[in-house]
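The values are calculated or read from the model by the stated rules, or taken from the named source; none is laboratory data. Keep in mind that this is a model prediction, so the values were computed, not measured. FYI the Cβ positions are ideal-geometry reconstructions off the backbone, even for glycines, and counts take in every protein chain you see.
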Amino acid sequence: MFNGYEKILSWPQARRRIEDLRREDRRVVFTNGCFDLLHVGHVRYLAEARGLGDFLIVGLNSDASVTRIKGSSRPLTPEHERAEVLAALTAVDAVVVFEQDDPLDLITRLEPDVLVKGEDWPVERIVGREIVESRGGKVLGIPLTPGVSTSAIIDRIADRARAAGKD
């Protein structure tokens with residue numbers, strides 16, 4: 001039986017957990033994303049993010065925000081399943097779902113010590129940068145795994161389905 005549900009936190013639960021970690025002088029890392037189809041690029045990225053501190057919180061876009069950002073055909077996987085998959089990873093210490101299109105309100109509430117995104121985001125454009133830096137925190141880009149993305153996987157599946165239909 002999966003026992004990672006305790007890693008899926010509400011906003012107030014996450015804030016309390018961070019307050020406890022701060023009392024222990026531990027460094028909190030935050031990242032966010034849709035994580036619609038978990039792939040090796042995600043796993044590598046999250047492991048590297050976790051290595052930047054003592055506790056990794058992943059802000060997970062809700063189904064509604066993924067649809068607004070990615071279009072009506074997404075997400076492919078519902079948020080409760082995406083949260084459960086992320087929570088099963090040893091690199092991830094907590095998952096918090098957010099309804100907004102970006103994580104600014106969540107970052108403001110949580111005040112992480114380190115904020116990370118993939119290097120495809122210029123550091124100066126990372127949402128929440130000012131909040132983290134104003135507290136003396138760090139904002140970093142993490143290298144992405146070349147050629148690996150959810151969109152590429154979706155395209156590959158569609159191409160194979162079209163090819164199979166022509167046989």
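Annotations
- Single match in 129, 162, 135, 125 (criterion: free of Cβ contacts under 8 Å to residues at least 60 places away in the same chain and within 22 Å of residue 66 (Cβ to Cβ)): 125
- For residue 154, the conditions (1) surrounded by 14 or more Cβ atoms within 10 Å (Cβ to Cβ); (2) outside any helix (DSSP H, G or I) are fulfilled apart from (2).
- The number of residues in the range 138-151 that are in a loop (DSSP other than H, G, I, E, B) and without any contact (Cβ under 8 Å) to a residue 12 or more places away in the chain comes to 2.
- Note on the range 107-143: residues that are under 26 Å from residue 40 (Cα atoms), surrounded by fewer than 18 Cβ atoms within 10 Å (Cβ to Cβ) and charged (D, E, K, R) total 4.
- Flag if residue 129 is under 24 Å from residue 143 (Cβ atoms), more than 15 Å from the chain's Cα centre (by Cα) and at pLDDT 95 or above: yes
- In the range 64-85, the qualifying residues are those that are acidic (Asp, Glu) and crowded, with 16+ Cβ neighbours inside 10 Å, and the one that is nearest to residue 99 (Cα to Cα) is 79.
- Which listed residue is over 10 Å from the mean Cα position of the chain (by Cα), over 19 Å from residue 14 (Cα atoms) and of a type outside the set (Ser, Thr, Tyr), from 37, 52: 37
- Flag if residue 94 is small (Gly, Ala, Ser), surrounded by 11 or more Cβ atoms within 10 Å (Cβ to Cβ) and farther than 17 Å from residue 29 by Cα: no
- If you go through the range 8-52 and keep only what is modelled with pLDDT of 95 or more, surrounded by 20 or more Cβ atoms within 10 Å (Cβ to Cβ) and not hydrophobic (A, V, I, L, M, F, W, C), you end up with 31, 32, 42, 45, 50.
- Number of the condition not met by residue 88 [criteria: (1) in contact (Cβ under 8 Å) with a residue 40 or more places away in the chain; (2) surrounded by fewer than 21 Cβ atoms within 10 Å (Cβ to Cβ); (3) within 20 Å of residue 127 (Cβ to Cβ)]: (3)
- Each residue in the range 3-12 was checked for being closer than 16 Å to residue 108 by Cα and touching a residue at least 60 places away in the same chain (Cβ under 8 Å), and 2 pass.
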